[in-house]
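Structure first, then comments.
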Amino acid sequence: MAEFVRVGALSEFTPGSVKAAEVDGTRIVIANSGGKLHALSNACPHVGLPMSGGYLHDGAIVCPFHGSFFKLDDGEPIGGPASDALDTYEVRIEGEDVLVAKQQMR
């Protein structure tokens, strides 16, 4: 069973937002797409630059540096120079707390 870490209050992750967080020393981003929260690696696999300055577009997060698109559900690249996927993490909501698994799903 996965261990989870609190990354903030639900109210901190507004729809359309991409926000940096840390889980047990690992830098991640939390993206709120239409009220659903997704947790992904905060390092673009193309060059390793942070995804936290990125934006959401049509079910994907877009790298702010070179424009790679990654699906929010599984981190797979769907456009741009990146060819490797972003790591993804399970997200749980307990009351007003947002929790993210310490171990990546992929």
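Each reported figure results from applying straightforward, stated rules to the coordinates on display, with no laboratory input. From a predicted model like this one, the values you see are computed outputs, not experimental measurements. With ideal geometry, Cβ positions are generated from the backbone for all residues, glycine too; neighbour counts draw on all protein chains shown.
Data for the structure
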{"read-out": "Per-region count, the stretch 16-25, residues part of a strand (DSSP E or B), more than 10 Å from the chain's Cα centre (by Cα) and free of Cβ contacts under 8 Å to residues at least 60 places away in the same chain", "value": "1"}
{"read-out": "Filtered residue count, the stretch 60-103, keeping only those that are touching a Gly at 6+ places or on another chain (Cβ under 9 Å) and either of a type in the set (Ser, Thr, Tyr) or touching a residue at least 60 places away in the same chain (Cβ under 8 Å) (or both)", "value": "4"}
{"read-out": "Filtered residues of the stretch 32-57 (kept if out of contact with any His (no Cβ under 8 Å at 6 or more places or on another chain), in a loop (DSSP other than H, G, I, E, B) and either surrounded by 20 or more Cβ atoms within 10 Å (Cβ to Cβ) or in contact (Cβ under 8 Å) with a residue 40 or more places away in the chain (or both))", "value": "Asn42, Pro45, Met51, Gly54"}
{"read-out": "Unmet criterion (only one of (1) outside any strand (DSSP E or B); (2) over 19 Å from Ala20 (Cβ atoms); (3) touching a strand residue (DSSP E or B) at 6+ places or on another chain (Cβ under 7 Å)) for Ile78", "value": "(1)"}
{"read-out": "Condition broken by Thr26, with the remaining ones in (1) of a type in the set (Ser, Thr, Tyr); (2) buried (at least 19 other Cβ atoms within 10 Å of the Cβ); (3) within 15 Å of Gln103 (Cα to Cα) satisfied", "value": "(2)"}
